[in-house]
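Take a look at the structure below.
The values are calculated or read from the model by the stated rules, or taken from the named source; none is laboratory data. Predicted model, so just to flag it, every value in this text is computed and none were measured. Because the Cβ atoms are built from the backbone with ideal geometry, glycine has one as well, and the counts that use them run over all protein chains shown. Note: accessible area is taken over every heavy atom of the protein model, side chains too, but ligands, DNA and RNA are not part of it. Shrake-Rupley method; radii C 1.70, N 1.55, O 1.52, S 1.80 Å.
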Amino acid sequence: MQQTLSFIGGGNMARSLIGGLIARGADTIRITVADPVPAALESLHRQFGVRVTTNNDEAVRDAEVVVLAVKPQEMRTVATGLGTIVAASRPLLVSVAAGIRASDIQRWCSGLPVIRCMPNRPALQGCGMTGLYATANVSAQQRKIAFDLMSAVGAAVWLEQETQLDAVTAVSGSGPAYFFLLIEMLEQTGMALGLPAEVSRQLAVETAYGAGRMARESAESATVLREQVTSKGGTTAAALQTLEDRNVRAIFAEAIAAAARRSAQLADEFGA
Ligand SMILES: NC(=O)c1ccc[n+]([C@@H]2O[C@H](COP(=O)([O-])OP(=O)(O)OC[C@H]3O[C@@H](n4cnc5c(N)ncnc54)[C@H](OP(=O)(O)O)[C@@H]3O)[C@@H](O)[C@H]2O)c1
């Protein structure tokens, strides 16, 4: 990345993005991080050699790209605080905050171009999934900058409408928790069926990893992969039939729709 880039908020997400960018050859001299906690800044400077400051205005003054990486509840204060200075320098604003609408950030920051990203927790391990949405005044070059930024911590995909980010939040944002629940249930049931705890945990975790890799690396759909591992009259068929009889699909559909509704509600609350 050739542009001067500033992060407002030097927490977990900023650290992962900076680590990912530097691993991809970004020039540390072009990266500045602002955060109120000097110890957090010192640690970022020591680890990555980036420039650091406790002053948000100073961080954004010469930045071509400003990444807003503070908690959603802090976003309005931070964005309105930057309002005057970014109105003059007109950087691209990239927000990674869950549930803050691009239109609200534009309202707080003089209608600047905004890209709203919805990453998930595995981004902190470099294997995240991010949905991105750009306001109409974002250029093709700015879209590429944000896409490259989020690709430094995993996969990324564009959405055409901002409301689709509620579905992204429900599927991939909250998604890791659904898989953790499944791992938890496999682990507990394995133990109930007589397996030692450590063995049961390993079976559950490695199976989740193996299934994830198969789904990722295969050209086949999940439906076909599931059918391929389900022999008629076999053990997997017995388990899946039990799940279908209990309406597991309807339960998951309802749960994921509830997450999407909650995402829209949170955006209303934070933006109000
Ligand atoms: N972590 C994830 O898995 C994840 C996933 C998806 C999306 N996100 C989004 O990413 C954003 C950041 O999350 P995170 O996990 O990195 O949170 P975090 O670790 O709490 O980082 C936020 C940082 O911003 C700092 N900060 C607070 N007020 C500030 C201000 N006025 N100016 C500058 N910096 C300020 C905080 O300092 P203090 O510690 O002093 O408050 C903290 O160091 C959130 O909006 C979240 O929704 C995170």
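Would you check if there is a residue in the range 130-144 being near the ligand (Cβ under 10 Å from one of its atoms) and in a strand (DSSP E or B)? Yes; the residues of the range 130-144 include at least one that is near the ligand (Cβ under 10 Å from one of its atoms) and in a strand (DSSP E or B).
Please determine, by comparing only the residues of the range 222-236 that are open to solvent by less than 60 Å² (accessible area, probe 1.4 Å) and among the polar types (S, T, N, Q), which one is nearest to Leu182 (Cα to Cα).
Let us first name the residues in the range 222-236 that are open to solvent by less than 60 Å² (accessible area, probe 1.4 Å), namely 224-225, 230, 234, 236.
Filter again for among the polar types (S, T, N, Q), leaving 230, 236.
Numbers: Thr230: 18, Thr236: 16 Å.
Once the filter is applied, the top-ranked residue is Thr236.
Of the residues making up the range 107-130, those that are within 10 Å of the chain's Cα centre (by Cα) and buried (at least 23 other Cβ atoms within 10 Å of the Cβ) are Cys117, Met118, Pro119, Asn120, Ala123, Gly128, Thr130. Exactly one residue out of Ala219, Ala250, Ala239, Ala259 is touching a helix residue (DSSP H, G or I) at 6+ places or on another chain (Cβ under 9 Å) and either surrounded by fewer than 13 Cβ atoms within 10 Å (Cβ to Cβ) or within 29 Å of Gly131 (Cβ to Cβ) (or both): that is Ala259. Restricting Val66, Val94, Val70, Val52 to those that are assigned to a strand (DSSP E or B), within 14 Å of the ligand (Cβ to nearest atom) and closer than 10 Å to Gly10 by Cα reduces the list to Val52.
Is the range 225-246 home to any residue that is within 25 Å of the chain's Cα centre (by Cα) and not hydrophobic (A, V, I, L, M, F, W, C)?
Filtering the range 225-246 down to residues within 25 Å of the chain's Cα centre (by Cα) leaves none.
The answer is no, given that none of the residues of the range 225-246 is within 25 Å of the chain's Cα centre (by Cα) and not hydrophobic (A, V, I, L, M, F, W, C).
For Gly99, indicate whether it is within 23 Å of Tyr133 (Cβ to Cβ), surrounded by fewer than 21 Cβ atoms within 10 Å (Cβ to Cβ) and either within 12 Å of the ligand (Cβ to nearest atom) or modelled with pLDDT of 95 or more (or both). Judged against the criteria, Gly99 is not a match. Of all residues in the range 145-184, those that are charged (D, E, K, R) and within 15 Å of the ligand (Cβ to nearest atom) total 1. Considering each residue of the range 172-191 in turn, none proves to be open to solvent by 30 Å² or more (accessible area, probe 1.4 Å), among the hydroxyl-bearing types (Ser, Thr, Tyr), closer than 22 Å to Phe7 by Cα and touching a residue at least 24 places away in the same chain (Cβ under 8 Å). In the range 160-171, the residues that are under 17 Å from Asp268 (Cα atoms) and among the hydrophobic types (A, V, I, L, M, F, W, C) form Cβ pairs under 6 Å with partners that are open to solvent by 20 Å² or more (accessible area, probe 1.4 Å) and in a helix (DSSP H, G or I), at six or more places apart or across chains, as follows: Ala167/Ala260; Ala170/Ile256; Ala170/Ala259; Ala170/Ala260.
Among the residues of the range 21-49, the ones that are within 13 Å of the ligand (Cβ to nearest atom), open to solvent by less than 70 Å² (accessible area, probe 1.4 Å) and either under 21 Å from Ala79 (Cα atoms) or in contact (Cβ under 8 Å) with a residue 24 or more places away in the chain (or both) come to 7 in all. Apart from one condition, Ile8 fits all of (1) buried (at least 18 other Cβ atoms within 10 Å of the Cβ); (2) within 16 Å of the chain's Cα centre (by Cα); (3) under 21 Å from Ala152 (Cα atoms); the exception is (2).
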